[in-house]
Structures are given as structure tokens and as C-alpha cells.
Amino acid sequence: MSDGNGHVKWFENLTSEDTPEVGGKNSSLGEMISSLKEEGIKGPDDFATPAPAYRRYLEANDIEEKIKSLIDDYHEENITLDEAGQSIRDLIIKGDMPEDVEQAISDAYEELGSRYNSEDVDIAARSSATAEDLPEASFAGQQETFLNVEGEAALLAACKRCYASLFTDRAITYRTVQGFDHMQVALSIGVQQMVRSDIGGSGVMFSLDTESGFDKVVLINAAWGLGENVVQGAV
């Protein structure tokens, strides 16, 4: 299948070595799907947009220098964090998707529909920062995920909102405190088919006890429906 000139990567072809391009979340999903498929364990045949697609978006809309300037103004205390973050997010959301990236995402979404026998697949657009879940810092949960996205136009809009969420106030503050260059972190987007939340559940499984580090146990947290309560720690 086409990889859209490198602007899309199918999960089945991703491994943990692809983390610099698709982030920790998407590379881990790819590793799981590609490894377990041979064992007869089913996983979603979905796709991700890699870091170069994000950088192509910034370049095509000529906004990278504007973002740097706003960050500098914030660090120099000329504007507040709220002003900097909102201005950057507005710049990104109001941009136009480059034609080559848009075509790659549209083609992949159409391919996804053919795999699931649906013209407009309900999907989740999930952010995966390329610096996510490093040993020295965790960026998990700082960027947005959009659920129940249906149709090509809605998907493209969700992608821009995912890009913008790389500059939430929380994310800007965390990178500043951790000493990360804001412009060196990029964003990948995982596009996955939604599961029927009214007839199923969501959960997270760990191969150790996350509080004690005890590694002789499998720990599962789960709840009916969508996974927000699990991710937020309410379950």
C-alpha cells in the first residue's frame, strides 16, 4: 500500500525504532500489532502521520518563526503563558493543510474504510509527541485526543487541532521546566477506528505493579465504555 510519500505510516509496519518519527504511543502500538499478528492476536490496522508531516505543515504555513517569537516573548515576560499558548494554537488551527499531506491522509482514510467496509469510518485522532515517554521525562497526556471523528473533513480538522495541542499551556510549561527545545519536539497523529463503547469496555494492562515495581503480577485497570476515566485515574 502507498505510504503517502512518507506522510502516513501504517501501524503494522511500525516498531519501537520508529519512536523519533511517530512518538512513543504510536510506535508502541505498531510494535504490539506487528509482533502479535503472527500469534493470531488481533489489532487495529490503522495509521499514523509522522513527524515530517507536522514539520511540513509548519513550513507550508510559514509559522515556525512566529511560534519561536511568541515563545521568546513569553520567556522574556513580554506576554503571559496564556497569551503565548492561545496565539500559537490559533496560528496552527487557522493554517491550511499542505496538499501532499492532505492527500496522503485522505488516501489512508479511504483505505481504512475499505478495510472496515465503511465509507466514513468513525475514528479517534490521537496525539503522540515524538519526545513522549522518555526515561528522563514523560510527555504523556499533555496533547489532545479527539473521539468519534467521522468523515475526511472532520479528520483533517482534528489533525490540525492535534498539532495545536502540542502548545497547550501545560505542555509549554513542562518543556520549559524540563529544558526541552519547543521546536525540536514534533507531533505524530494516530488514526484508529473507534470501538463500540456501548457494548464494550476500555482498560490498561501493566506487566508490573506501577506503585511498588513488583514484576510478578499483571495489573489491569478497566471500565465500561470509553477510556477517559481510566486514563484520568478515576478508575
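The values are calculated or read from the model by the stated rules, or taken from the named source; none is laboratory data. Quick caveat, the model's predicted, so the values are computed rather than measured. Reconstructed Cβ throughout: ideal geometry from the backbone, glycine too, with neighbour counts over all protein chains shown. The protein model used for the area step is the full one, side chains on, heavy atoms only, and it has no ligands, DNA or RNA in it. Shrake-Rupley method; radii C 1.70, N 1.55, O 1.52, S 1.80 Å.
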Quiz item: Between region 164-235 and region 42-76, what is the C-alpha centre distance in whole Å?
Solution: 21 Å
Quiz item: By average Cβ neighbour count within 10 Å, what is the ranking of 104-115, 220-231 from highest down?
Solution: 104-115, 220-231
Self-check item: About the Cα centre, charge dipole magnitude for the chain (Lys/Arg +1, Asp/Glu -1 at Cβ), debye
Solution: 480 debye
Quiz prompt | By average C-beta atoms within 10 angstrom, highest first, the peptides 50-63, 205-218 | solution = 50-63, 205-218
Quiz item: Under 19 Å Cα-Cα from LYS25, which aspartates and glutamates qualify once same-chain neighbours fewer than 8 residues away are excluded?
Solution: GLU12, GLU17, ASP45, ASP46, GLU132, ASP133, GLU136, GLU144, GLU228
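Please find the FRET efficiency linking VAL235 to LEU81, where r is the Cβ-Cβ separation and R0 is fixed at 25 Å, and quote it to the nearest 0.05.
Working: r = 31 Å, r/R0 = 1.25.
Efficiency, from the Cβ-Cβ distance: 0.20.
Which percent of the Cα-Cα distances in the chain go past 22 Å?
Working: 15144 of 27495 pairs.
The share of Cα pairs beyond 22 Å in the chain comes to 55 percent.
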Quiz item: Using r as the Cβ-Cβ distance of GLN103 and GLU39, and R0 as 30 Å, what FRET efficiency do you calculate, to the nearest 0.05?
Solution: 0.30
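Cα-Cα over 25 Å: which of LYS9/LYS37; LYS66/LYS160; LYS9/LYS42; LYS9/LYS68?
On the way: LYS9/LYS37 17 Å; LYS66/LYS160 17 Å; LYS9/LYS42 19 Å; LYS9/LYS68 28 Å.
Result: LYS9/LYS68 exceed 25 Å.
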Practice problem: Measure off, as a whole percent, the carbon and sulfur share of the 1.4 Å-probe accessible area of region 91-235, all protein chains present. | Solution: 49 percent
Quiz item: Calculated from DSSP H runs of 4 or more alone, at -39500 (n - 2.57) each and per residue, what is the 222 nm mean residue ellipticity of the chain, nearest 500?
Solution: -13000 deg cm²/dmol
Quiz item: Label points 7 Å out from Cα along the Cβ direction at LYS66 and SER16: separation in nm?
Solution: 4.0 nm
